[in-house]
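The structure under discussion appears below in the form of structure tokens.
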Amino acid sequence: MSIRTILFDLDGTLIDTNELIIASFIHTIERYGKRPFSREEIIEFIGPPLKDSMQQIDAERVDELIDAYRAHNLSHHDDYVTAYDGVVETIQTLKEQGFRLGIVTTKMRQTVEMGLALTGLDHMFDVVITLDDVTHAKPHPEPIEKALKALGSQASEALMVGDNTHDIEAGQHAGTATAGVAWTVKGREVLDALEPDYMFTNMRDLLKITGG
């Protein structure tokens, strides 16, 4: 296939926010949780929309938990977040080569913009689809379809890159090619089970399939 459009998840794919997310959940659970949650349980909260995860902690206080999580997340954001090895130069190369580039994330726009600015990735993407922009989050195809429409692209020429099962499933549902990243905190075998078209061990691997 000829790939001309590349869509990326953000957290855990382009930027390392895992420890920030885990710390924010620990803070919220210690303050409001009905029981302790293990690190392994908290890792399962990475990827899905925040509301879905908070319902598992205390379904009766979801809004309160989200407020506590976001306050911690925002105040500690810059202490934790970095771009993964190879990401910035790969995205820059793809942009210079004329690829259409987009972000498709389950985060809200404010923290997306903070992460992109902190890591020097702001202004590199032609479209950014956040949780604020859709009715249905990944793994529903809506976010990918919305990004493709904004870019004037077809699914047949697009690749969705992500670190979570939601990313691979959303791409498959939308009809794009898919790529997992082996540095996912959940372990690459979780993504391998979904049989993505590609598996990257470093973001530079993307250039091998685009001719960069």
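The values are calculated or read from the model by the stated rules, or taken from the named source; none is laboratory data. Quick caveat, the model's predicted, so the values are computed rather than measured. Quick reminder, even Gly has a Cβ in these numbers, built from the backbone with ideal geometry, and neighbours come from all protein chains shown. Surface areas here come from the heavy atoms of the whole protein model, side chains and all, with no ligands, DNA or RNA. Shrake-Rupley method; radii C 1.70, N 1.55, O 1.52, S 1.80 Å.
The GluC sites (Glu not before Pro) of the stretch 20-111 that DSSP puts in a loop, and whose beta carbon has at most 15 other beta carbons within 10 Å, are E44, E60. Relative to the longest principal axis of the Cα atoms of the chain, the long axis of helix 87-96 lies at roughly 40 degrees. When I3, I26 are compared by accessible area of protein heavy atoms, the largest-first order is I26, I3, using a 1.4 Å probe. Taken over the stretch 23-140, the alpha-carbon convex hull comes to 120 cubic angstrom per residue. Pairs from the table (K107/K186; K34/K107; K51/K95) lying more than 30 angstrom apart at Cα are K51/K95. Taking the accessible area of the stretch 66-212, probe 1.4 Å, and keeping the other protein chains in place, the carbon and sulfur fraction comes to 47%. Restricting the stretch 15-71 to trypsin sites (Lys or Arg not before Pro) that sit in a DSSP loop and have at most 16 other Cβ atoms within 10 Å of their own Cβ leaves K34, R61. Per residue, the accessible area of the chain comes to 45 Å² when a 1.4 Å probe rolls over the protein heavy atoms.
Angle between the Cα long axis of helix 18-32 and the longest principal axis of the chain, 0 to 90 degrees, nearest 10? Helix 18-32 sits at roughly 20 degrees to that axis. Rounded to the nearest 10 degrees, the angle from helix 62-80 to the longest Cα principal axis of the chain is 60 degrees.
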